[in-house]
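S.K.: Would you mind keeping the following structure in view while I ask a few things?
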Amino acid sequence: MAAASGAAAIAAGSNSTLAFDVERVREDFPILKQEVYGKPLVYLDSGASAQKPTAVIDAMREVQETCYANVHRGAYYFSQHLTDRYESVRKTVAGFLNAGSDQEVVITRSVTEAINLVAYSFGAGLSAGDEVIVTEMEHHANIVPWQLLRDRTGIVLKVAPIDDDGNFLLDAYEALLTPRTRLVAVTHVSNVLGTVTPLKEIIRLAHEAGAKVLVDGAQAVVHGKVDVQDLDADFYGFTGHKLYGPTAIGVLYGKADLLKEMPPFQGGGDMIRSVSFAETTYADPPLRFEAGTPPIVEAIGLGAAIDYVNAIGHEAIAAHEAGLLAYATQRLQQIEGLRIYGSAKEKAAILSFTMEGIHPHDIGTIIDREGVAIRVGHHCAQPLMQRFGVPATARASFGLYNTRAEVDALARALEKVKELFG
Ligand code: 7TS
């Protein structure tokens, strides 16, 4: 696989945190040179989807230009070669999450698909009266699959609360656990509040109650190192496009003993051992859960994205983003009438806010003309919006390529919004 050009962002020396150079990182992302409305692009929507470095774009092009074929079926060179590369991405992901084995890594098309897979397949072992706990700050992707399961089987869905700052309330959660709790489905990082949930405690308490835990890691793998063995997570899902990789690729990590007992999610090629009209037997995991031609090129892109992030280093990225978050919080707090949602003790670089008397959509539209791209709306977390009594918020989310100058551009643009509405 092409060497990550992110290595360019690391100067000589062993301490990658000190060596992080955001201007050099930005060179890796061609789109950041674009202008919109004659203004430099200030991209503050990485929480929705991150921009792609040249290493990812090149890896996907290289595969399609030089060795493309279908995987897992060809007797010929290119198919075998690409099968090896596809399977090596499984190893890259296993290393990235510190999974015990690459056979615990299921390649999916998104974290949404990963969660639906667990809801359908693990959920097949649940029956009426069994309980699943989610939290108030879940993305719809970690709510609706459980409601569909509830409709199919009669499980009981419980909701663990948060406080007004967005902190996860461990005691209230513990009180929800019962002998009927079979699964806790919880986000690692809230896509609206930035809250980092106390996962180790959540998982320990769930296990004490005999329940398994599925973690939605969509916003977490981007901001810091994840170690599924240290967490003792039973399932952990994430999505490629927020991790500087392509769309239509995701991952489900699952403990081997759990995956082994789970029935297939979808039927088709690749997931079988043998098929006859009388009876079909299924492949072992992870292929049992990868029906049909997989997202081959996208998997190669994900592998390149992980190599890129690894080359820069999680510590360096986390330190850079923590600095941006602190600076942005301080800048935005100076704007009169601006309210920030989410000030949890541990927080990732996501800033949701409203401005008194101004609809978030107006904020988004006006600052767009200044070249500043943020997300406005309910962020696919309508129950969380209801929790805070707002229909929508504006949200700036930061990636490894963002700068303090861009935070200043955001603050200036928001001051303009105020002037217009003042
Ligand atoms: N879970 C969380 C925590 C997310 O933030 C998102 C996407 C998803 C699941 C779904 O990811 P997908 O790749 O399967 O679609 N979040 C957002 C967002 O915050 N703005 O746009 C998409």
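The values are calculated or read from the model by the stated rules, or taken from the named source; none is laboratory data. This one's a predicted model, so the numbers in the text were calculated from it and none came from an experiment. Heads up, the Cβs are rebuilt from the backbone with ideal geometry, glycines too, and the neighbour counts pull from every protein chain shown.
S.K.: So, in the stretch 18-33, of the ones that are at pLDDT below 95 and surrounded by 13 or more Cβ atoms within 10 Å (Cβ to Cβ), which residue ends up nearest to the chain's Cα centre (by Cα)?
M.R.: F20
S.K.: Restricting attention to the stretch 219-266, which residues are surrounded by fewer than 24 Cβ atoms within 10 Å (Cβ to Cβ), within 11 Å of the ligand (Cβ to nearest atom) and among the polar types (S, T, N, Q)?
M.R.: T247
Quick grid of which residues meet (1) modelled with pLDDT under 95; (2) of a type in the set (S, T, Y); (3) over 25 Å from T239 (Cα atoms):
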| site | (1), (2), (3) |
| --- | --- |
| I306 | no, no, no |
| V309 | no, no, no |
| I312 | no, no, no |
| L324 | no, no, no |
| Y327 | no, yes, yes |
| I350 | no, no, no |
| E356 | no, no, yes |
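S.K.: Tell me, please, whether a residue that is within 19 Å of the chain's Cα centre (by Cα) and surrounded by 22 or more Cβ atoms within 10 Å (Cβ to Cβ) can be found in the stretch 75-86.
M.R.: No, every residue in the stretch 75-86 fails to be within 19 Å of the chain's Cα centre (by Cα) and surrounded by 22 or more Cβ atoms within 10 Å (Cβ to Cβ).
S.K.: Name the single residue that is farthest from I249 (Cα to Cα) among those in the stretch 273-322 being surrounded by fewer than 17 Cβ atoms within 10 Å (Cβ to Cβ) and in contact (Cβ under 8 Å) with a residue 40 or more places away in the chain.
M.R.: Once the filter is applied, the top-ranked residue is A319.
S.K.: Could I ask something else about it? Of V376, V407, which residue is closer than 19 Å to L32 by Cα and among the β-branched types (V, I, T)?
M.R.: After ruling out the rest, the residue left standing is V407.
S.K.: I've got another one for you. Grab the strands (runs of 3 or more DSSP E) fully contained in the stretch 120-199, keeping just those with 3 or more residues being within 16 Å of the ligand (Cβ to nearest atom) and surrounded by 21 or more Cβ atoms within 10 Å (Cβ to Cβ).
M.R.: 181-187
S.K.: Assess whether I374 counts as being away from the ligand (no atom under 15 Å from the Cβ) and surrounded by 19 or more Cβ atoms within 10 Å (Cβ to Cβ).
M.R.: No; evaluated as a whole, the condition is false for this residue.
S.K.: Please enumerate the residues belonging to the stretch 172-205 that are farther than 27 Å from S49 by Cα and touching a residue at least 40 places away in the same chain (Cβ under 8 Å).
M.R.: Y173, L176, L177, T178, R180, T181, R182, L183
S.K.: Is it the case that some residue within the stretch 34-43 is surrounded by 13 or more Cβ atoms within 10 Å (Cβ to Cβ) and within 16 Å of the ligand (Cβ to nearest atom)?
M.R.: Yes, the conditions are met somewhere in the stretch 34-43.
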